[in-house]
Amino acid sequence: MRQSSVIPEASTKKAAFRPQPAIDMRAFRPEDAEAFRVLNEDWIAKHFGLEEKDRITLGDPEGQILQKGGHIFMVFSEDGPVGCCALLLVRPGVYEVAKMTVAEEYRGYGIGRRVLAYTIEQGKALGAESLYLETSKKLMDAIHLYEAMGFRHLPPERVVPSPYVRANVFMELTLR
């Protein structure tokens, strides 16, 4: 009798435990500009489509983020850049968490949580009183992560109009 080549459904699902790959996180360097752009364009295009503000920011991260008092953090594995997150200076003491992503093939390993924790710690080290973020209801996994890390939804009267059409969830983390 010939054995079936059908794989049981349970074995095709992701394993419940996946060891985290070794990663390094560090501040953005000029040579990271292309990776920062590509990582962000991939997730934005997959879920929404690029907006003009995306093109401006991703096309000139040094001028649009760093020179305006912000910071970008890059995540690397042995394969190269696999994630990033930025802190955009809103005003003294307040930064916006933005352009956070992990490459598709590296999702599910807890890297998003690690990069967000790193970004929060960097915000604290910079003397931030609070961190703000904008996201979309379409990104429920991200919203759950932000909630788990202490971000709270802003009431409508505290929401500042966003340059992004996709933004419909606004959150804040008080650091002091």
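The values are calculated or read from the model by the stated rules, or taken from the named source; none is laboratory data. Not measured: the values here are computed from a predicted model. Note that we place each Cβ from the backbone using ideal geometry, even for glycine, and neighbour counts take in every protein chain shown.
Brief remarks on what is shown
- Residue satisfying all of: in the range 125-146; within 16 Å of I111 (Cα to Cα) and of a type outside the set (A, V, I, L, M); surrounded by the most Cβ atoms within 10 Å (Cβ to Cβ) among these: Y146
- Matching residues, the range 131-140, being in contact with a helix residue (DSSP H, G or I) (Cβ under 8 Å, 6 or more places away or on another chain) and either free of Cβ contacts under 8 Å to residues at least 60 places away in the same chain or within 14 Å of V160 (Cβ to Cβ) (or both): L131, L133, T135, K137
- Residue ID - modelled with the lowest pLDDT, chosen from residues in the range 8-49 that are outside any helix (DSSP H, G or I) and aliphatic (A, V, I, L, M): A15
- Residue list for the range 83-107, restricted to those being in contact (Cβ under 8 Å) with a residue 40 or more places away in the chain and either part of a loop (DSSP other than H, G, I, E, B) or aromatic (F, W, Y) (or both): A103, Y106
- Criterion violated by K137 - all others in (1) at pLDDT 95 or above; (2) among the basic types (K, R); (3) farther than 21 Å from H47 by Cα satisfied: (3)
- Enumeration of residues in the range 75-109 that are at pLDDT below 95, surrounded by 14 or more Cβ atoms within 10 Å (Cβ to Cβ) and more than 21 Å from A45 (Cα to Cα): Y109
- Subset tally (residues that are outside any strand (DSSP E or B) and within 11 Å of I23 (Cβ to Cβ)) for the range 66-82: 2
- Residue in the range 148-167 that is modelled with pLDDT of 95 or more, assigned to a helix (DSSP H, G or I) and closer than 24 Å to V82 by Cβ present: yes
- Within the range 59-82, residues that are touching a residue at least 24 places away in the same chain (Cβ under 8 Å) and on the phi > 0 side of the Ramachandran plot reach no partner that is surrounded by 14 or more Cβ atoms within 10 Å (Cβ to Cβ) and in a loop (DSSP other than H, G, I, E, B) with beta carbons closer than 7 Å at six or more positions or on different chains.
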